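> Before anything else, here's the structure in question.
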């Protein structure tokens, strides 16, 4: 197994640390993962015990993948550009 950590993984971890260590929010607070992608942030938030996380994703194929992962309370689509 590689010890390599991608920039995206570091960014997601920093976001979770900001929420858990520097903000005084309850584990049932509503959180929106805008542009949820592969669900990495949602997975980390779930590991920390957050239970009210929602997603918005612009890619229908990624949205279907997120639905299968069952990380979010709800997932909505959005249209990029026009």
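The values are calculated or read from the model by the stated rules, or taken from the named source; none is laboratory data. As the structure is a prediction and not an experimental result, all values here were calculated from the model. No Cβ is skipped: glycine too gets one built from the backbone with ideal geometry, and neighbour counts run over all protein chains shown.
> Within region 1-57, can you find the residues that are surrounded by fewer than 16 Cβ atoms within 10 Å (Cβ to Cβ) and part of a strand (DSSP E or B)?
Of everything in region 1-57, those that are surrounded by fewer than 16 Cβ atoms within 10 Å (Cβ to Cβ) and part of a strand (DSSP E or B) turn out to be 32, 34.
> Let me ask something additional. Go through region 58-82 residue by residue and tally those that are modelled with pLDDT of 95 or more and in a strand (DSSP E or B).
Adding up the residues that qualify gives 2.
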